[in-house]
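Working notes, beginning with the structure itself.
The values are calculated or read from the model by the stated rules, or taken from the named source; none is laboratory data. Because the structure is predicted, anything quoted here is derived from the model rather than measured. Here Cβ is always computed from backbone atoms with ideal geometry, including for glycine, and neighbour counts include all displayed protein chains.
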Amino acid sequence: MSMRAIAFYGVLTLVFALADQLVKELVETAMPLYERIDILPFFSLLHSRNTGIAFSMFSGMSGIGLSIVMALVILFIGFLAMRTGAAQVWARLGFALILGGAIGNLIDRLTLGYVTDYLFFHTPVWSFAIFNLADVFITVGAGLVILEELLDWRRGRRGRGNQAD
């Protein structure tokens, strides 16, 4: 990856992490813990704290241990991002989203000891995990990386098919 691309996607990563932190700060200051604001019949804002990772897994693990694991994952994702080709724009954007979200959650963990969550999808008989903007960034980013891989696979398959003709 060129230095120019590193700088561009690095700035995007920081923008995503800062956006996440800004929204979490608003939730922390404007909503008491466990307050719920219904937005739609199936969607609410619910101020919550997660001491684990996705779906509260590893919530019993120490904050320092979890932070170290998260930092190692961020480094690994950064390594993968650096290996993307110039034409892999969707993957590069996806990695910037993943890294921005992961850094946003790591900042929470290091400064607060937990991650602030607030997005809550539910029905009267079912509810989904409470999550945050960083989690959305990570999920969308992973989807973009997978999309890029599928597109590359199709292009390669199409290219091999044309050579046989």
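Here's a check for you: in segment 75-102, which residue that is out of contact with any Leu (no Cβ under 8 Å at 6 or more places or on another chain) and either closer than 14 Å to residue 14 by Cα or basic (Lys, Arg) (or both) is modelled with the lowest pLDDT?
Here the answer is 83.
Taking interchain pairs and intrachain pairs at least six residues apart, which have beta carbon atoms under 6 angstrom, with the first residue in segment 116-130 and among the small types (Gly, Ala, Ser) and the second outside any strand (DSSP E or B) and surrounded by fewer than 22 Cβ atoms within 10 Å (Cβ to Cβ)?
129/55
Are any residues in segment 19-40 free of Cβ contacts under 8 Å to residues at least 60 places away in the same chain and more than 16 Å from residue 109 (Cβ to Cβ), and if so, which ones?
Within segment 19-40, 22, 26, 29, 30, 32, 33, 34, 35, 37, 38, 39, 40 meet the criteria.
Return yes when residue 119 is hydrophobic (A, V, I, L, M, F, W, C) and over 24 Å from residue 42 (Cα atoms) and no when it is not.
No, not satisfied.
Please specify each residue of segment 1-43 satisfying the condition of being part of a helix (DSSP H, G or I), among the polar types (S, T, N, Q) and over 14 Å from the mean Cα position of the chain (by Cα).
29
Could you check segment 87-116 and list, in sequence order, the residues that are in contact with a helix residue (DSSP H, G or I) (Cβ under 7 Å, 6 or more places away or on another chain), surrounded by fewer than 17 Cβ atoms within 10 Å (Cβ to Cβ) and assigned to a loop (DSSP other than H, G, I, E, B)?
Listed by number, the residues that qualify are 113, 114.
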